[in-house]
Amino acid sequence: MRRQLRSRRAPASPYAYRYRLDDQDEVNQNYLADEEEEAEEEARVMVVPNLEEEEEEEEEEEEEEIEEKEKEEEKGQGQPAGNAWWQRWQIVSEYLWDPEKRMSLARTGLILVIYFFFYASLAAVITLCMYTLFLTISPYMPTFTERVKPPGVMIRPFAHSLNFNFNVSEPDTWQHYVISLNGFLQGYNDSLQEEMNVDCPPGQYFIQDGDEDEDKKACQFKRSFLKNCSGLEDPTFGYSTGQPCILLKMNRIVGFRPELGDPVKVSCKVQRGDENDIRSINYYPESASFDLRYYPYYGKLTHVNYTSPLVAMHFTDVVKNQAVPVQCQLKGKGIINDVINDRFVGNWQSGSEDKQAKK
Amino acid sequence: MAKKTLEIYSVELSGMKDIEQTDKGNGKEKYRGLKNCFEPKKNHRKEELTKELDLDDHKLSIKELEKKYGTNIITGLSSAQAAELLARNGPNALTPPKETPEIIKFFKQMVGGFSILLWIGAILCWIAYGIQYSMNTSSSLDNVYLGCVLALVIILTGIFAYYQEAKSTNIMATFNKMIPQQALVIRDSEKKTIPAEQLVVGDIVEIRGGDQIPADIRLLSVQGCKVDNSSLTGESEPQPRSSEFTHDSPLETKNIGFYSTTCLEGTATGMVINTGDRTIIGQIASLASGVGNEKTPIAIEIQHFVHIVAGVAVSIGILFFITAVSLKYQVLDSIIFLIGIIVANVPEGLLATVTVTLSLTAKRMAKKNCLVKNLEAVETLGSTSIICSDKTGTLTQNRMTVAHLWFDNQIFIADTSEDNSNQVFDQSSGTWASLSKIITLCNRAEFRPGQENVPIMKRVVAGDASETALLKFSEVILGDVMEIRKRNHKVAEIPFNSTNKFQLSIHKTDDPNDKRFLMVMKGAPERILEKCSTIMVNGQEQPLDKNTAEAFHTAYMELGGQGERVLGFCHLYLPADEFPETYTFDVDTMNFPTSNFCFVGLLSMIDPPRSTVPDAVTKCRSAGIKVIMVTGDHPITAKAIAKSVGIISANSETVEDIAKRLHIAVEQVNKRDAKAAVVTGMELKDMSPEQLDELLTNYPEIVFARTSPQQKLIIVEGCQMQNAVVAVTGDGVNDSPALKKADIGIAMGITGSDAAKNAADMILLDDNFASIVTGVEEGRLIFDNLKKTIAYTLTKNIAELCPFLIYITVGLPLPIGTITILFIDLGTDIIPSIALAYEKAESDIMNRKPRHKKKDRLVNEQLAMYSYLHIGLMQAVGAFVVYFTVYAQEGFKPSALINIRVEWENSNVNDLEDSYGQQWTWYQRKYLEWMGYTAFFVGIMVQQIADLIIRKTRRNSIFQQGLFRNKVIWVGIASQIIIALILSYGLGSVTALSFTMLRPQYWFVAVPFAILIWVYDEVRKLFIRLYPGSWWDKNMYY
């Protein structure tokens, strides 16, 4: 933009025009309209003192400066001792005020400062907005939960894919499931649960009235509830025998309560194909349901030790060497398990459960 | 090479020689430009113009001609010969200028502007899908859809732009329909009427008064034939024709009639010597088509703007592509980011909007009688800094009209306005009674029958220009001239001829008591005076003494000095005893006196300026536009007209005027004192480009007279060399090359020739120079408003771009989708940005200097900075607040969103925890993301309303401009809101569009930001108004 202003000045006086006759671009800008415009502009500038000096002055200044420089240079030749200093000063002064580009550090600095303040105030505004936003929303209870409902389900072990594909005789193919499950169930260890959480009465909501910001107690869900799938008796969770355990977990939603007296049940079946592919499934806990005492959830800020209830499915007799698509659904009042686009809401469909057990 | 050039231009321009010489002489950079201007055209023009030199048919005798063309002047060509020649030389018609094929025009729209960038986006989409597909055959088709949508957008906007272009060109189609001309030709010894198109070289044609000459013809026999060559030379005076060879130059000799000129009177027989494109007119026309069509200023501006935006898009895109790759994003993801950045950066709807805006203005101008052929020319007039106007027909009415009368020793002024109705001079004097009688009777012109209901001034007259002027003049003042002539029966007549220089007729008077014959005469004043011995003053005959003769001369000189054609009138009552009622007058033996007449008065005629022109010229002046007259007419006439219309203002003088006033030699005058200059073609010929440049620079008021078409071209080029945007007005064929060369050529709709109309960018349907002023005003307004439109459109690009940048760097869930961006750019924002075209001017744009082609850009740094870095960022912040509000209220506080991207987008993670410990499935998150898109969209939309309102003005406060004056803005705002509501609530369930319903309160989250934008901009404008010229003004005013 500075360059633009400069070329605008070019025809300001006939002399300036003369000077630039050799400059192809600037040759022809000297027509009357421009001259008048310049005169106006100059007049305006003179009335209002401002950051930019009056144009002609600048021009003169420039000329003077060049002249001065020349003089100084002559002087400098006479005084070789002061030459280095003079040159240094010149570099500095050119940095501060470069007559060629009509650009001064001060002015660039000013622009930067102004932008800095503008953006600082913009940042202040956004901070203020965020602050007011946080004032309006509770830290304990989300404002709206309609998007996270109905609850989704997730399985463990989970390793990148929902397909279970392993060879009984090759531990390498199922070892990672076992490790994953073991890791996941660490938090469910009986000792830990007994230490941290309370044993609350089953079959009813564990409602904890009181202030929002009070810490909430959590109900125990012991690893041993999972019986054969707890990994306590069979550390391989049945994978070594071709009877894999899969844990089903319902997504946490603050304040979610299944319809009263009717805990959410899990039931699995073959999704497509022969129903006899799965001959038997054992559920642990045997009720195949998420007990009411684990609800409601009060949010992670106050309900620190909340332990999600699990239902383990033990596929004790599944056809082998063949893909078996399994669908496990949550059943209960208020549970929607047929959302078209989301196969994780209310049900879980395994792409296939393909177990190869060579004998 | 110099030799060739010389050859080419020697016909009418030997100035080229000087150009070459000066160029060699000092070889300064400066002249190279001008020289270069000529070079590319050389080859184009060479062929035609060397042919012009070869034309020597006017020197040949009839026998030689017959031999040359194998014809016979009695029997004509045979049909077979004619057919053969027709097949060989083609029809006798001008080849229309080459049209770009429609399909190419169409494809140009498809690849022009931002289309290339969008094509890249679309192709990247498909490439991305290709990569996805190669990795996983079941990958989603989202990218394919997006690519198709982008392609669709390009094609639709392309079709739209093409349609708009085509619509404006179609208006022209009506002009191209010419009535097929007929020609009377002798073939096979028979007179036949054939379409003029079928004429061939060697045909013998007959021409009568009123005909258009159907081809270039060598006249063989002529009876009192006069032609109007004004379309060729600009000279409105009728030219007599004869069959003798009178001049070496084919243009000057009298025995050649030119194609498309009109035969005014008399009859002639001629031999066709050139047809179609080989005629002189055809050559000029092809000279015009040889002149390259330069880019219009607005096209340059738009290109500049496209470059800026594309530059920003590509550089940010590449920068972030590299950043993304170095941040260990997959290449596929990086490509998708790139697409997003491109789509966000490109204002897809803008070019279509600009087209609509231009065509709206074009429509508005068409209503005001400015027909715009080329949409982009709409703005050109606004940036025009020099108008080179033809005189005849543009500034003047192109018809002789009585301007002054002199009788009773007084000069009277006649009304020369278009309807002549207001003749206020003193008509009570007895002299006037006599004078009016002479004017009426000594006149051979007649109205064509059947025009009783046509206003007098518009009636068609058979007769030459001066006689027509006199006829109309007397008809207006005296009433039915034919009736008066009938009452004063004409008994004898000597028509005007160039040797006598007078016209005489003898009448019986309508006074039944007066049996004397009245002899009336008119002619060249000095000839008339010679024949007079008395002069009529106040109705009384007085002897013609020295004083009265002196008075006559003074008046004659004065009128003549104004460029007017002066005629003298005298009469003589023949004594009844010598010339009884039965006396037979014989014009050949002149058996009646031809001296001792009584001088009655003088009458002068001029082709008067149109009444609206002086005002329009003043307006152009105040708008900083220099008006130059370029005419083929005489310098004196040209100067007189220039003075009367204000092209040379009342108080400015030429060098010659000063010399005359101070009684010193022209050379002694200080050239700086003169403001005006009258330059003839001869002088121009001797001028170097340097001198021309100086001339154009130093004199604000210039008249070029006696110029040839090529010289007009040179003048236009000279003006363009000064970086001026040049408008040329003209009507004749001779103007067409200059019209084409000009940044904007303006042709006259009524009097304009087809060649001129073809070459022009704009047509004044009412031939009114004042319409140009309207055009300038509209052009300037549209430029200002386009600035506003672009500023409005660019602003939200930042708000669309920031989400992508933050998405890449901070890892938030994507705040706004590509499709959603398209819905803003091509949905909600379209009508508002068009609405800005209806904005009224902020201040008097006609008191402003024209914008400088190179300095006052459409999109300047200030505009881009203010739109991008100020308002744009504020919008982005506002939209992000809406986005964060939605996420926070749903459970994801901003802190939880940081770097969540990878998990968020992993469709296998179905228990992603939010800030409250709730777990989200992938689809639930996706839906929330769409809600975020919608929220961000609404945030931008709400702030765009504020943006629209602030863009109404650039300097004034909104309240000064009036919030409700432009109703269309409110239509725009309403459309914005309605489209957003439909998208959210109506199409919220269509998942492909990724819009969702939004709680009503979210629509208001961005409102404080909208208000902030408004306030901020008001403050900006306030400071600009308070401190004009300050740092703030220079950096914040766009």
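Where a number appears in this text, it was derived from the coordinates with a stated rule and is not lab data. Bear in mind that the values here come from a model prediction, so they are computed numbers and not experimental data. Here Cβ is always computed from backbone atoms with ideal geometry, including for glycine, and neighbour counts include all displayed protein chains.
Loop-located chymotrypsin sites (Phe, Trp or Tyr not before Pro) in segment B:248-349 (DSSP state not H, G, I, E or B) with no more than 13 neighbouring Cβ atoms inside 10 Å do not occur. Measure up B:K368/B:K796; B:K458/B:K675; B:K643/B:K741; B:K167/B:K226; B:K458/B:K840; B:K671/B:K1034 against 32 Å on the Cα-Cα distance and list the ones that go over. Where the Cα-Cα span goes over 32 Å, the pairs concerned are B:K368/B:K796; B:K458/B:K675; B:K167/B:K226; B:K458/B:K840; B:K671/B:K1034. Computed from the Kirkwood radius of its Cα pairs, the Stokes-Einstein diffusion coefficient for segment B:72-134 at 37 °C and 0.692 mPa s stands at 189 µm²/s.
Quote the FRET efficiency, to the nearest 0.05, computed for A:L232 versus A:Q204 with a Förster distance R0 of 30 Å and r equal to the Cβ-Cβ distance. Calculated value: 0.60. Here each label is just a point 7 Å from Cα along the line to Cβ, and for A:F117 and A:E194 those points are 6.9 nm apart. Under a model in which nothing but the beta-carbon of Lys, Arg (+1) and Asp, Glu (-1) is charged, chain B shows a dipole of about 2080 debye around its Cα centre.
Out of every Cα-Cα pair that segment B:662-736 contains, those further apart than 14 angstrom amount to 65 percent. When all alpha-carbon pairs of segment B:781-829 are counted, what percent fall beyond 14 Å? Looking at segment B:781-829, the distances longer than 14 Å represent 59 percent of pairs. Mean partner shielding of peptide A:145-152, defined as the number of other chain Cβ atoms within 10 Å of each residue Cβ, is 6.
Here the translational diffusion coefficient of segment B:781-1036 follows from Stokes-Einstein with Rh set to the Kirkwood radius across Cα pairs; for 25 °C and 0.890 mPa s it amounts to 127 µm²/s. Residue order for B:T921, B:T468, B:T95, fewest other beta carbons within 10 angstrom first, comes to B:T95, B:T468, B:T921.
Dipole of chain B computed with +1 at Lys/Arg Cβ and -1 at Asp/Glu Cβ about the Cα centre; of B:Y923, B:V613, B:P347, farthest Cα towards the positive end is B:Y923. By the beta-carbon count within 10 Å of each Cβ, the least crowded to most crowded order of B:T401, A:T236, fewest first, is A:T236, B:T401. Ranked by how many other Cβ atoms sit within 10 Å of their own Cβ, fewest first, the residues B:I746, B:I104, B:I806, B:I979 fall in the order B:I104, B:I806, B:I979, B:I746.
Ignore the peptide's own chain and count Cβ atoms of other chains within 10 Å of each Cβ in B:858-867; give me the average, rounded.
Partner Cβ neighbours, averaged per residue: 1.
Can you tell me the FRET efficiency between B:S78 and B:R448 if r is taken as the Cβ-Cβ distance and R0 is 45 Å, rounded to the nearest 0.05? Using R0 = 45 Å, I get an efficiency of 0.75.
Let me have the 222 nm mean residue ellipticity of chain B computed from DSSP H runs of 4+ only, each contributing -39500 (n - 2.57), with the sum over all residues rounded to the nearest 500.
Value at 222 nm, helices only: -15000 deg cm²/dmol.
Phi-derived couplings, Karplus 6.51 cos²θ - 1.76 cosθ + 1.60 at θ = phi - 60°, listed residue by residue for segment B:987-993: 9, x, 8, 7, 5, 4, 7 Hz, with x used for Gly and Pro. Assign one of three labels to chain B, namely rounded, prolate or oblate, based on the Cα gyration tensor with a ≥ b ≥ c the square roots of its eigenvalues; rounded applies when a/c is under 1.5, prolate when it is not and a/b is larger than b/c, and oblate otherwise. Prolate.
Among B:G732, B:T793, B:G817, pick out the residue whose Cα is farthest towards the positive end of the charge dipole of segment B:728-837, where Lys and Arg carry +1 and Asp and Glu carry -1 on C-beta, about the Cα centre. The residue sitting farthest along the positive end of the dipole is B:G817. Nearest 0.05, what FRET efficiency do B:S907 and B:S326 give at R0 = 30 Å with Cβ-Cβ as r? Efficiency computed from Cβ-Cβ geometry: 0.70. In this rough spin-label picture, where each label sits 7 Å from Cα along the Cβ direction, the B:F160-B:V424 distance is 5.6 nm. Shape class for segment B:206-285: rounded, because the ratio a/c of the largest to smallest gyration tensor axis (alpha-carbon atoms, square roots of eigenvalues) is under 1.5. A crude spin-label estimate for the pair A:Q271 and B:R848, with each label 7 Å from Cα along the Cβ direction, gives 6.6 nm.
Dipole magnitude for segment B:401-575: about 660 debye, using +1 per Lys or Arg Cβ and -1 per Asp or Glu Cβ, origin at the Cα centre. About its Cα centre, the dipole of segment B:781-1036 is roughly 1520 debye, where the only charges are +1 on Lys and Arg Cβ and -1 on Asp and Glu Cβ.
If you take the square roots of the eigenvalues of the alpha-carbon gyration tensor of segment B:805-868 and sort them as a ≥ b ≥ c, do you get rounded (a/c under 1.5), prolate (a/b over b/c) or oblate? Oblate, since a/c reaches 1.5 and b/c is not below a/b.
Calculate, in whole percent, how much of the Cα-Cα pair population of segment B:401-575 lies beyond 21 Å.
Counting pairs separated by more than 21 Å, the tail of P(r) holds 49 percent.
Per-residue mean of foreign Cβ neighbours for B:1025-1032 is 5 (Cβ atoms of other chains, 10 Å radius).
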